[in-house]
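Just so it is clear, none of the values below were taken in a lab; they were calculated from the coordinates. No experiment lies behind these values; they were computed from the predicted model shown. Glycine gets a Cβ as well: all are built from the backbone with ideal geometry, and neighbour counts include every protein chain shown.
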Amino acid sequence: MTAVETALGAVPTAELGPTLMHEHIVTRSPGVHENWPHLFDRDGILAIAERKLADLHARGIRSIVDLTTVDLGRDIDLIVDVARRSRVHVLVATGVWWMPQRYVSSHGVDEVAELFIRDITRGIGTNGVKAAIIKCATDTAGVTPVIEAILRASARAQKATGVPISTHTWAAGRSGEAQQAIFAQEGVDL
């Protein structure tokens, strides 16, 4: 039987049920919580998330895909705590949104792909939660050199692991076509 990774471990795909494909339990500005922890009400966030996921479950939703990446302040320990309090499966993402950190912009495509692959195969941080999807994006700036590197890293991680890619585009700028061209060049099965 085929399974998919969730915040609480592998789950048979037959148990996923109706799934919301683009959610965020919480987003943060990286560095803010670490420097001003009084701005982050963890217990309040847990209570709100628990209530919202219970409401989703009551409406028949059985899984969500949390596409919060490191540059959106992904807090894997918080996601795990929310998942433990919920009857909704939470799938987590690796990758980078369209505002990458300096590390991403100053390292090569293969090094960034290895970070994504590590999140998928070994787990995020030290708790072992494995990513089930890769997120990347373009926005009004289009495919800049840094974004191209992220798209290529995402494609290489996808090729290495078989995990799907979820992507944002900017329709007016036709950036989805540029993304697709890069994915095709990298050999992603479109």
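Taking amide H as placed 1.01 Å from N in the peptide plane, A131 has its amide H under 5 Å from the amide H of I120, G123, I124, each at least 5 places away in sequence or on another chain. Where the alpha-carbon atoms of the chain are placed on the principal axes, they occupy 45, 42, 35 Å, in descending order. To the nearest ten degrees, helix 109-121 and the longest principal axis of the Cα atoms of the chain are 30 degrees apart.
When each of the peptides 37-49, 84-96 is scored by the mean number of other C-beta atoms lying within 10 Å of its residues, the order from highest to lowest reads 84-96, 37-49. In terms of overall dimensions, the C-alpha atoms belonging to the range 68-111 reach 40, 17, 16 Å along their principal axes, ordered largest to smallest. Give the relative contact order (percent, whole number) for the chain; include only Cα pairs under 8 Å separated by 6+ residues. Rounded, it is 20 percent for the chain.
Comparing mean-square fluctuations of T19, T169, T144 from a GNM of the chain with C-alpha springs under 10 Å, the top value falls on T144.
All distinct Cα pairs of the range 101-150 go into the 1/r average, and the inverse of that average, the Kirkwood radius, is 11.9 Å. A cut-off of 5 Å between modelled amide H atoms, ignoring neighbours fewer than 5 places along the same chain, links V88 with no other residue. The aspartates and glutamates whose alpha-carbon is closer than 19 Å to the alpha-carbon of K52, local same-chain residues fewer than 8 away aside, are E23, D41, D43, D66, D75, D77, D81.
Label separation (A3 vs M21): 2.5 nm, computed from points 7 Å beyond Cα along the C-beta direction. Taking the longest Cα principal axis of the chain as reference, the axis of helix 175-185 is set at about 70 degrees. Reachable lysines from K159, Cα under 29 Å, same-chain residues fewer than 8 places away excluded? Those lysines meeting the cut-off are K130, K135.
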